[in-house]
Structure formats: C-alpha cells, structure tokens
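For reference, the structure discussed in these notes is given below.
The values are calculated or read from the model by the stated rules, or taken from the named source; none is laboratory data. What you see is a predicted model; the values in this text were computed from it and never measured. We place every Cβ from the backbone using ideal geometry, glycine too, and count neighbours over all the protein chains shown.
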Amino acid sequence: MNKRLTFHLIGNVVRLAGALMLLPLLVSLIYGGEDAIPLLISMAITVAAGSALALIRPQRESLRAREGFAVVAFSWILVSFCGGLPFYFSGYIPSLVDCFFETVSGFTTTGATIIPNVELLPRGLLFWRSFTHWAGGMGVLVLSLALIPKMGARSIHLMRAESPGPSTDKLVPRVANNAKILYAIYGGLSVVMVFALLLCGMDWFDALVHMFGAAGTGGFGTYANSIAHFNSAAVDIVIGVFMALFGVNFSLYYFILRRNWKAALGNSEMRLYWAIMLISSVLIAINIMPLKDVGFCAMSDGPAQAGNFLTALRYSFFQVSSVMTTTGYATADFNLWPQFSRCLLVVIMFIGASAGSTGGGIKVIRIQLLFKSMLRDIRRTVHPKSVNTIKLDGHTVDENILSGVQGFFFAYMFVLFASTIIVSRDGFSFETNFTAVVATLSNIGPGLGMVGPAGNFAAFSDVSKLVLSLCMLIGRLEVFPILMLVAPSAWRQ
C-alpha cells in the first residue's frame, strides 16, 4: 500500500473538514457567540492535524483501489472524531464516545442521537450538527474532489469507495468535474428547498437546518419532537417530497438537465423506488385511518382527527418517505401505529433509497438484482442446460456485479446479526436492539421501542455506542471500505 499518499490525501480531507467549521462559527457569532470559542478551538485542532498529515509527501502518485478504500475509511473516522470536538469542548456532551457517536451519526446522515433535548444547544452547535448531514450526504471525499481537484491520479477509486451503489459511472470524463456536477445538482435542489420552507413560514435558521437534514437524508433538527413541532401540513408536504427527491439517483437529474428523457424516465430502479414508496404510503394510510385514538400523530401539538384518509395519507407518506430515504424525520411516533404498519416500515428500512442518492439502506437496485438472481436460479433448477442472463434496463448485468451484490448482502447481514448480538448485552428488548442496529446500519436514525422517534440512544453502553457508530460507518461506506481495514492483505506492499 502507498501509505505516504494515503496519509497525504487523508490530511487534505481532514483539513477541509476543519475549514467547514467556519460556517457554524459565523452562525455562533451572529447569535451571540456562546459556543464560538469551542468551535474556534476545534477548527484550529482539526486544521492543524490535517495540515500535518498533508505535509507527508508521497514518493509516487499511483492511487489504486485499496488506497482509495483506506483513504475513505480513515478520513470518515478522523473527520467524525474531529467533528465531535465542538460538542466536547463546549461541555454540552461531556463524553468523547457520545461526541463521536453524535458526529458519526451526522456525517453518515443517520440522525441517531444521544441528546434528549436538542433545544438546549446553542445555535452554532445546532447548525454544525445538521451541516454535517449536508457535507456527508453527497460524500466528504466527493466534496474534496470537487474543491481539491489535484487530490491524486485515478481518484475515481475515492468516489467509488464512498458513493452508494453497486457501481459508480462517471457522467463526464474527469472525476473532479463529475464531482462538481453532482454538487451543483445537490446544491440547486437544496436552495429550492430552503425557499420552499421559507414560504411555509419557517425562519432562515430553521429552513437551513431542516434543509441540511432532508438534503443529506439525515434527520437532525432543532426540536426534540422533530417536524411534528411545526404542526403544518405545508411543511410536512414540502419536506416529505424533497426527502423523496433526494433519494433518487442524482445521475438521473443530470440526464434530465441534458434532456436525455429516455435514460431518465426509463430507469427501472427509479420506477420501482417510487412504486414502493407510494404503495407503502397508501397501505399504511389505510391501516392507520380507523384508529380512534390519534396516537399515530401524538407527537404533534395539535393532532388531526383519525378517520380522514387524506390526513392519514399525509402522515403515512411523510413517514414512508423519511424511512425509505433513511432521513429519520418524524411527524408521528410510529411506535404507536398498528403492527402491520410498523412491520412494513422495518422492511422499508432494509430496502432504502436509490443507488447514487444521499440515502442509505441496501438500495433498490440491489433488491432488484437479488430478486432477478433468485428467479434465474429457479429457472436453472427447472432447466439445468438453459442459458440465463440477467438484464436491467435492456443491458446484460455483468457477473462480477452480481457477485459483488451477493457479497455485499451477505456482509450486510453478517454485520447486522453480529452487531445485534453485541448490543444485546445491554439487556434491552429485542425490538429495541435489533431495530437500533438496523437503523444505524441503514443510516436511518430512529428505530422501534426505546429508540423510536420519541426516544434516543443515550441509554446504551459505551461499547454498544461504538458498535453502533461502526455500523453507521459501515452502512454509509457500503461495508467493504471499513471491513478492508482488518484485512492483512490490504496492508502488504
């Protein structure tokens, strides 16, 4: 492994993360500067640490796949640790483990929290907490490639190691330009969402913070009861729709801008993504509509009456959009919903959003390919001598991609069950332990039981919090960059 190049690139990323703290520092000064000193100290430490690593000059510039994976894995770990320093130095989160958990949750766009009362945080920390969603949504390394185009040759390995999905195709030949296009689309949608929220009556601060959470599909906000605080159908609809839009493969938006309608509208993953979301929303709306007790929207200050299908659809669509895109915002405590609705939401947690989006989960395209592989195996059992190929959108899927999808699924399930066993040592219910792991591994945030929309992860032990933090990183980086760190072959020259 080219260790000097690896450390040099990690240093560039960490230094950029420190520079990003300038924004919450400015916000802090605007709102009184209560948390300005902790942010300033943290920024200085992060920039200094990144600069020290960046000074390590590589003897050769060749960047192979394993260096790319190592840069991505270590960058996310270090950026998450440094990103937690403002919470630690401010005293609002006195435990370094809790700070790491909260910031990993931010950068991986998970939205799981150990803070029961976020309203107590000063504005600078609130802004930084949610801004980590926006920075991590498209990817810290992708942002670095867009801003630091000379990060090294063959930097496609960095993008592929960090971007969600079975494969990452370049929209244009140069990787740096590819990253700029993705961030331009990302930023454009973000700006439109901010103005839409302003029209709904939010102030600038709340609009920006909740845009960060929805765009990055993260879910951090400014109130303990999430979006239910606003008790506004307009806010629910705007955030619900934009969460769904940010869960679409961003390459399709590029095709739309280029007026390549066939590539955009003919994408089978996108059609399946919308079909799952809309059908699930209707099924859950029908399931919760007969409730006499309006517990399904009990988080709201002024809950609507049950028995109205449109009202039920409003709450069900928002929650399905939030869970499927792995955002984690809530207008309802779905712990109080019927068993069918809760079960369906857990299934959607596994599926997740589209590849190439800011969402997490297994991804819709992998579910497609796994289902097609199962059907092919059934056909082969019935007709052993037949030749069967798997096609997606009219193209034959390479066997290496199918093998990679199957390997990812096995690794995902292995991490899921192993982590559930470790977390179960804390003695909480199976529902709480299992959905806590699913919610962190799929980068969703809230689960069921103690970690539902009205709960948090504060009661878990430090060991469990570290395991769940690792799950968040593994889920965001698609398993293999983190698991590669423990493979001896990756470190041989």
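Could you tell me which residue of the range 449-472 is farthest from F428 (Cα to Cα), considering only residues that are surrounded by fewer than 24 Cβ atoms within 10 Å (Cβ to Cβ) and of a type in the set (A, V, I, L, M)?
Filtering the range 449-472 for residues that are surrounded by fewer than 24 Cβ atoms within 10 Å (Cβ to Cβ) and of a type in the set (A, V, I, L, M), the one farthest from F428 (Cα to Cα) comes out as L470.
Please specify each residue of the range 307-348 satisfying the condition of being over 15 Å from S281 (Cβ atoms), in a helix (DSSP H, G or I) and touching a Gly at 6+ places or on another chain (Cβ under 9 Å).
Listed by number, the residues that qualify are N335, L336, V346.
What residue, of F220, F296, is more than 18 Å from K363 (Cα to Cα), at pLDDT below 85 and of a type outside the set (A, V, I, L, M)?
Being more than 18 Å from K363 (Cα to Cα), at pLDDT below 85 and of a type outside the set (A, V, I, L, M) holds for just one of F220, F296, which is F296.
For the range 106-128, enumerate the residues that are under 19 Å from I227 (Cβ atoms) and under 16 Å from the mean Cα position of the chain (by Cα).
Correct list: G106, T109, T110, G111, A112, T113.
Look through I227, I181 and report the one residue that is at pLDDT below 95, closer than 22 Å to R129 by Cα and not small (G, A, S).
Result: I227 is the single residue among I227, I181 that is at pLDDT below 95, closer than 22 Å to R129 by Cα and not small (G, A, S).
Of all residues in the range 8-59, which are at pLDDT 95 or above, surrounded by fewer than 19 Cβ atoms within 10 Å (Cβ to Cβ) and of a type in the set (S, T, N, Q)?
Across the range 8-59, there are no qualifying residues.
Considering (1) within 23 Å of the chain's Cα centre (by Cα); (2) among the polar types (S, T, N, Q); (3) not in a helix (DSSP H, G or I), say which one T103 fails and leave the rest.
Going through the list (1) within 23 Å of the chain's Cα centre (by Cα); (2) among the polar types (S, T, N, Q); (3) not in a helix (DSSP H, G or I), T103 breaks only (3).
Condition check ((1) part of a loop (DSSP other than H, G, I, E, B); (2) under 22 Å from G137 (Cα atoms); (3) modelled with pLDDT of 90 or more; (4) among the hydroxyl-bearing types (S, T, Y)) across all residues:
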site	(1), (2), (3), (4)
N433	no, no, yes, no
A436	no, yes, yes, no
A439	no, yes, yes, no
K465	no, yes, yes, no
P481	no, yes, no, no
S489	no, no, no, yes
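Out of the residues in the range 352-395 that are β-branched (V, I, T) and not in a helix (DSSP H, G or I), state the one that is modelled with the highest pLDDT.
Top of the filtered list is I362.
Hey, can you tell me all the residues within the range 411-427 that are out of contact with any Leu (no Cβ under 8 Å at 6 or more places or on another chain) and either part of a helix (DSSP H, G or I) or modelled with pLDDT of 95 or more (or both)?
Residues satisfying the conditions are M413, F414, F417, A418, T420, I421, I422, S424, R425, D426.
Name the residues in the range 34-57 that are without any contact (Cβ under 8 Å) to a residue 60 or more places away in the chain and outside any helix (DSSP H, G or I), would you?
L55, I56, R57
Could you list, in sequence order, all residues of the range 381-440 that are of a type in the set (V, I, T) and free of Cβ contacts under 8 Å to residues at least 40 places away in the same chain?
Result: T381, V382, V387, T389, I390, T396, V397, T420, I421, T432, V437.
Looking at the range 325-383, which of its residues are within 28 Å of V235 (Cα to Cα), among the β-branched types (V, I, T) and surrounded by fewer than 23 Cβ atoms within 10 Å (Cβ to Cβ)?
Those that are within 28 Å of V235 (Cα to Cα), among the β-branched types (V, I, T) and surrounded by fewer than 23 Cβ atoms within 10 Å (Cβ to Cβ): V346, V347, I351.
Give the range 78-131 a look and list any residue that's closer than 19 Å to F457 by Cβ and β-branched (V, I, T), or say none.
I93, V97, T103, V104, T108, T109, T110, T113, I114, I115, V118
The rows are residues; the columns are (1) within 18 Å of I444 (Cβ to Cβ); (2) touching a His at 6+ places or on another chain (Cβ under 6 Å); (3) in a helix (DSSP H, G or I).
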| position | (1), (2), (3) |
| --- | --- |
| Y223 | no, yes, no |
| A228 | yes, no, yes |
| V235 | no, no, yes |
| V241 | no, no, yes |
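Just the residues that are closer than 30 Å to I185 by Cα and in contact with a Ser or Thr (Cβ under 8 Å, 6 or more places away or on another chain), please, taken from the range 322-344.
Result: M324, T325, T326, T327, G328, Y329, A330, T331.
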